[in-house]
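Nothing in this text is a laboratory measurement; each read-out follows from the coordinates by a stated rule. Predicted, not measured: the structure shown is a model, and the values here were computed from it. Glycine also receives a Cβ, built like all others from the backbone with ideal geometry; neighbour counts cover every protein chain displayed.
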Amino acid sequence: MKPNLIPVIIGTSLFTGFIAFGPGTFASILALPLVYLLHHNWLAYLIVTVTVLVIGTLSAEYLGRVWQKKDDQRITIDEFIGILVTFLLIPKINWYILLVGFVLFRIFDIIKPLWIRKTEQVKGGLGVMLDDIVSGIYANIFLRILLWII
């Protein structure tokens with residue numbers, strides 16, 4: 001079964017999921033300009049984050065069924081939402097903070113310490129999104145600690 005184009009565009013984060021090497025990294029990078037653009041308006045940022053969470057979860061659920069694999073490598077909307085969560089309500093954003101937050105998120109997303117890996121057991125699209133959301137929460141907390149120290 002060939003999937004509908006709209007869920008593919010959303011679920012693969014504008015087709016970054018089709019990049020052969022590091023599709024999740026490219027989806028994370030794709031989210032950074034949106035973070036920078038919206039960081040001055042916390043309400044708009046929150047609305048966009050919740051919207052991406054909802055439509056991303058639905059897209060991941062749909063693509064998982066069509067591609068017959070729950071967390072297919074081509075589904076990268078989870079990394080996109082993870083970056084949005086990483087910078088949620090961070091008061092100051094500049095290129096250095098974007099770089100540090102990006103690296104923190106990717107470390108948590110790749111290594112999956114503590115109980116992040118257990119979130120992958122959740123079924124459906126939410127299960128696809130959840131480990132990256134939790135990785136984003138951890139990255140957000142660590143970024144806040146670093147900003148407080150500095």
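Just a few scattered comments:
- In order through the range 77-83: 3J(HN,Hα) via Karplus (6.51 cos²θ - 1.76 cosθ + 1.60), integer Hz, x for Gly, Pro: 4, 5, 5, 4, 5, x, 5
- Burial ordering of PHE80, PHE15, fewest other beta-carbon atoms within 10 Å first: PHE15, PHE80
- The trypsin sites (Lys or Arg not before Pro) of the range 62-102 that DSSP puts in a loop, and whose beta carbon has at most 13 other beta carbons within 10 Å, are LYS69, LYS92.
- Note that the range 30-39 has calculated 3J(HN,Hα) couplings of 4, 6, 4, x, 5, 4, 4, 5, 9, 5 Hz, one per residue in order, obtained from phi through the Karplus relation 6.51 cos²θ - 1.76 cosθ + 1.60 (θ = phi - 60°); glycine and proline are x.
- The chain, relative contact order in percent, only Cα pairs under 8 angstrom and at least six apart counted: 28 percent
- Overall, the chain carries a charge dipole of about 120 debye about its Cα centre when +1 sits on the Cβ of Lys and Arg and -1 on the Cβ of Asp and Glu, all other atoms neutral.
- Dipole of the range 5-149 [Lys/Arg +1, Asp/Glu -1 at C-beta], most positive-end residue of THR12, ILE90, ALA44: ILE90
- Full extension of the chain segment joining ARG65 with ILE150 gains 26.0 nm, where the gain is 0.36 nm per residue of separation less the Cα-Cα distance.
- Cβ-to-Cβ counts within 10 Å put MET1, MET129 in ascending order as MET1, MET129, the fewest first.
- Proximal aspartates and glutamates to LYS2, defined as alpha-carbon separation beneath 18 angstrom and excluding residues fewer than eight positions away on the same chain: GLU61, ASP71, ASP72
- For the range 5-149: lysine pairs under 28 Å (alpha-carbon distance), excluding those fewer than 8 apart on one chain: 8
- When each of the peptides 34-45, 103-114, 51-62 is scored by the mean number of other C-beta atoms lying within 10 Å of its residues, the order from highest to lowest reads 51-62, 103-114, 34-45.
- Taking 0.36 nm per residue of separation and subtracting the Cα-Cα distance, full extension of the segment from TYR96 to ILE110 would add 2.9 nm.
- Label point distance in nm, TRP42-ILE6, each placed 7 Å from Cα along Cα→Cβ: 3.3 nm
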